[in-house]
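Please read the structure below before turning to the comments.
The values are calculated or read from the model by the stated rules, or taken from the named source; none is laboratory data. Just so it is clear, the model here is predicted, and its values are computed rather than measured. In this analysis, Cβ positions are derived from the backbone assuming ideal geometry, glycine residues included, and neighbour counts consider all displayed protein chains. These area figures cover heavy atoms from the full protein model, side chains too; ligands, DNA and RNA do not enter into them. Shrake-Rupley method; radii C 1.70, N 1.55, O 1.52, S 1.80 Å.
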Amino acid sequence: MSGKPKLHYINGRGRMESIRWLLATAGVEFEECFLETKDDLTKLQKDGYLLFQQVPMVEIDGMKMVQSRAIGNYIAAKYNLYGKDLKERALIDMYVEAIIDLNELLVTHTFQPEDKKQEHLANLVDKATNRYFPVFEKVLKDHGQDFLVGNQLSRADVQLLESLLMAEECKPDILAKFPLLQSFKARISNIPTIKKFLQPGSQRKPPLQEKDLPKLMKIFH
């Protein structure tokens, strides 16, 4: 059996994508075991692999880890993406929790009913440009450093980049008023492991489409 982490989830972004980003950033090769049917999920549940009966699940270091935040924390700590001390970790946690809140809006946009899509997009853009992005723009301006916390790459930088790119998929000019975030996006995207992950053919997943919804419903419901 190889020592590579093994990721159990659908062949799509969802709650596993940030975990893929962290592993890729750390330069860690990983395997993926995709759920294709309800039976695939049921088998994991019956075999006792899913502590709370749900995915994502990552096999790593002899553990079968569930709960995406816990998995992300473990990977970040293991691969030196979690700050130098408790105060830096607290900052990283605050930033990441906010990014997760924004991501919930971003990933659900595709699945809005047609008559609600415009309203959802307007709310998404409002929250992104008035609540979340100004905070990160100010952080970068105030300390004048390349990274969000401690002047070194952390989980917060990786997940903010992921979120910025997702936001641009919803509205290509969404960063127009945030020059420091534009520079941040270019800078972090150019880190060799991240640059590789952003290339075609990597294990990064494309956005989920409406046509994917029936298959997801069959697996999870």
Residue selected from the range 45-60 under the condition open to solvent by 70 Å² or more (accessible area, probe 1.4 Å) and out of contact with any helix residue (DSSP H, G or I) (no Cβ under 8 Å at 6 or more places or on another chain), by the criterion nearest to residue 215 (Cα to Cα)
54
Among the residues of the range 1-39, which ones are polar (S, T, N, Q) and buried (at least 19 other Cβ atoms within 10 Å of the Cβ)?
18, 25
With the structure loaded, tell me whether residue 66 is open to solvent by less than 50 Å² (accessible area, probe 1.4 Å), free of Cβ contacts under 8 Å to residues at least 40 places away in the same chain and either within 16 Å of the chain's Cα centre (by Cα) or closer than 26 Å to residue 149 by Cβ (or both) or whether it fails that test.
yes
Residues satisfying the stated conditions in the range 82-108, i.e. in a helix (DSSP H, G or I) and small (Gly, Ala, Ser):
90, 98
Condition met for residue 42 (in contact (Cβ under 8 Å) with a residue 40 or more places away in the chain and either touching an Asp or Glu at 6+ places or on another chain (Cβ under 6 Å) or open to solvent by 30 Å² or more (accessible area, probe 1.4 Å) (or both)):
no
Please find, among 161, 180, the residue that is within 15 Å of the chain's Cα centre (by Cα) and either modelled with pLDDT of 95 or more or among the charged types (D, E, K, R) (or both).
161
